[in-house]
Amino acid sequence: MAPATTSADARSTRVWTLPNVLSGVRLLGVPLFLWLVLGPEADVLALLVLVASGVTDFLDGWLARRWDQTTALGQLLDPIADRLYILAVVVGLGLREVIPWWLAIALPLRDLLMWGLVPLLRTRGLSSLPVHFLGKAATFNLLYAFPLLLLGDGTGAVAEVARVVGWAFALWGVGLYWWAGVLYAAQVRRLLATTERVRA
């Protein structure tokens, strides 16, 4: 198991870094995406927002590592942006009936269960555990799946191919997302069994 992340870890407290600004821009795209999908149903513009989100997601992490600008705020904003995009997309596509409701419920339900583990971590003086590789792979699959499924909500050969490939990414993504959650829960269980409770 990777070492747990504690609040005492030495991290930069800088706020105004380019990677953090990119993460902030990603967050601003969440309500914009929802409005484009549910309001005017401007699917092409909504797809562009998702593409921009994917590009900035890559850039903020790459720049933070390359320029040694990894910050506590950035490590908080990046997963929050990922989760909010996934939530916004499943809600938007669910309401548009592009994806079935079992899929729209399965992903937020997993996140809800993970949030339920946070109070247990806090009893050991921790706020989170390192992100598992499977979690990153799941997010990668899902962030590719949803634009393709949105593109596939049409007619013609391109839409058909996008729908098939999108569902392949989506099913793999959901499976990996839940499996990463199981591994995370197992880490928490082992931590509770091997670490003493922190006194308030």
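What follows is calculated from the coordinates using simple rules that are stated; it is not laboratory data. All figures in this text were calculated on a predicted structure; none of them were measured in a lab. Positions of Cβ are backbone-derived with ideal geometry, glycine not excepted, and every protein chain shown enters the neighbour counts.
Structural remarks
- Look at the Cα gyration tensor of segment 13-86: its axes a ≥ b ≥ c give a/c of at least 1.5 with a/b over b/c, and that counts as prolate.
- Taking other Cβ atoms within 10 Å as a rough exposure proxy, Asp78, Asp60, Asp68 sort from fewest to most as Asp68, Asp78, Asp60.
- Near the amide H of Ser128, within less than 5 Å, lie the amide hydrogens of Thr5, all on another chain or at least 5 residues away, with H placed in the peptide plane.
- ³J(HN,Hα) computed for each position of segment 161-175 - Karplus, 6.51 cos²θ - 1.76 cosθ + 1.60, integer Hz, glycine/proline x: 5, 4, 5, 5, 5, x, 5, 5, 4, 5, 5, 4, x, 4, x
- Filtered trypsin sites (Lys or Arg not before Pro), segment 135-200: DSSP coil and at most 14 other beta carbons within 10 Å: Arg197, Arg199
- Approximate shape of segment 12-193 as ellipsoid semi-axes (Cα gyration tensor, √5λ), whole Å, largest first: 29, 21, 14
- Neighbourhood charge, 13 Å Cβ-Cβ cut-off, centred on Leu27 and excluding it, Lys, Arg +1 and Asp, Glu -1: -2
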